[in-house]
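Contents: one structure, followed by commentary.
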């Protein structure tokens, strides 16, 4: 009996100690994400299925993530950071919150204009999808030619027509900064004042709220990111179909600098403990499957050449000329734009 008990104990100890290395080898990726899209769950699930790397995710907005990284310092558990605004990438890079990486997959797949500057050790961030800052208008009340440039949004002919989210929201701030780079302060600040004067109501809500406000007659012109409209275009809900039937979309400045584009992208955190897994995750986001998912799942445009798009809403929007203002210049201009917004009362 004693020998039998000892044998069982020995086998139990062997089983436990034998399992320990397996548990210790579990690969984990700590992800700080500003992408708050339910459809992204499939991206994370597919990555884990493909690689066996489990994802721990912390969700916050861009500003919250950057503040957290600064506060945590070298103790931060973050491996990968996903942000949804070009200017915030510039800010994080300037604050030393990312680390440069070398990756043939990323460097071959991501256009130079959509990644951080190469300082000799690689780039600190990479864009994986783009979205356009477009104008949605009431097709019954507004002529297309009255809103087919950004400049017209500040002209008297659009008095009382405009609704938008906060001027200080990253999506608007980056648009305004791009215009500051293009036009200079003498033209940009009066333009921002003109938009304030043309508002149908005080800024509130998100981009989808602006589109719905146009359809409801609360305003007749709205500034929005393209993928919010695409969601409504693909919806089967009667109320969403009614919104789409009432509005139309224009990609501004097609005869000029082109429509403002923003990015969603990723970076390896400066103090990443799982650097190899982090790089593997970023390379996965540049894969054909992930790029197609950005387009077909969240209605964004992929950035890797040759990526497959099967999205009727994006097809319906068609092709357009894109703005080419360098992201670094947009980022550097945002503090000055914020001061202008404060002066003209754009909340």
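A short reminder: the numbers here are calculations on the coordinates, not readings from a lab. The structure presented is a predicted model; accordingly, all values stated were derived computationally and were not measured. Because the Cβ atoms are built from the backbone with ideal geometry, glycine has one as well, and the counts that use them run over all protein chains shown.
Restricting everything to alpha-carbon atoms, can you work out Rg to Rh for the chain with a Kirkwood hydrodynamic radius?
On the Cα set of the chain, Rg over Rh gives 1.08.
Taking only the Cα atoms of region 184-288, how large is their convex hull per residue, in Å³?
Convex hull volume per residue, Cα atoms: 207 Å³.
With the crude spin-label approximation of a point 7 Å out along Cα→Cβ, what separation in nm comes out for residue 342 versus residue 74?
3.5
Calculate, in whole percent, how much of the Cα-Cα pair population of region 232-347 lies beyond 19 Å.
Tail fraction, whole percent: 67.
Going by alpha carbons, how many degrees (0 to 90, nearest 10) lie between the helix axis of 327-344 and the longest principal axis of the chain?
That helix lies at roughly 50 degrees to the long axis.
By counting other Cβ atoms within 10 Å of each Cβ, how are 208, 45 ranked from fewest to most?
Lowest to highest Cβ neighbour count: 45, 208.
Work out how far the C-alpha atoms of region 43-188 reach from end to end along every principal axis, then list the three figures in whole Å, largest first.
55, 36, 34
Two decimals, Cα atoms only, Kirkwood Rh: what is Rg/Rh over region 36-78?
Reported Rg/Rh (Cα atoms, Kirkwood Rh): 1.06.
Of 259, 334, 50, which is the most mobile in a GNM of the chain whose springs link Cα atoms less than 10 angstrom apart?
Among 259, 334, 50, the largest mean-square fluctuation in the Gaussian network model of the chain belongs to 50.
In region 255-295, which residues have a backbone nitrogen under 14 Å from the label point lying 7 Å from residue 143's Cα in the Cα-to-Cβ direction?
none
Applying 1/(1 + (r/R0)^6) with R0 = 25 Å to the Cβ-Cβ distance of residue 58 and residue 234, what FRET efficiency is obtained, to the nearest 0.05?
That gives a FRET efficiency of 0.30.
What's the FRET efficiency of residue 48 with residue 104 using the Cβ-Cβ distance as r and R₀ = 30 Å, to the nearest 0.05?
E between residue 48 and residue 104, to the nearest 0.05, is 0.80.
Got a sec? How would 33, 324, 168 order by Cβ neighbour count within 10 Å, fewest to most?
Starting with the residue having the fewest Cβ neighbours, the order is 324, 168, 33.
Quote to one decimal, in nm, the extra length available between residue 241 and residue 26 on full extension: 0.36 nm per residue of separation minus the C-alpha distance between them.
Gain on extension, residue 241 to residue 26, equals 72.7 nm.
Within a 10 angstrom radius of the beta carbon, how do 251, 176 rank from fewest other beta carbons to most?
251, 176
Please compute the Kirkwood hydrodynamic radius over region 79-125, one decimal place, Å, based on all pairs of different Cα atoms.
For region 79-125, the Kirkwood estimate is 11.1 Å.
Specify the angular offset, from 0 to 90 degrees and rounded to the nearest 10, of the alpha carbon long axis of helix 2-24 from the longest principal axis of the alpha carbons in the chain.
The angle comes out near 30 degrees.
Please list the equivalent ellipsoid semi-axes of region 294-341, computed as the square roots of five times the alpha-carbon gyration tensor eigenvalues, in descending order and whole angstrom.
30, 13, 11
Rounded, prolate or oblate: which one fits region 127-197, using the alpha carbon gyration tensor with axes a ≥ b ≥ c (rounded when a/c is under 1.5, else prolate when a/b beats b/c, else oblate)?
oblate
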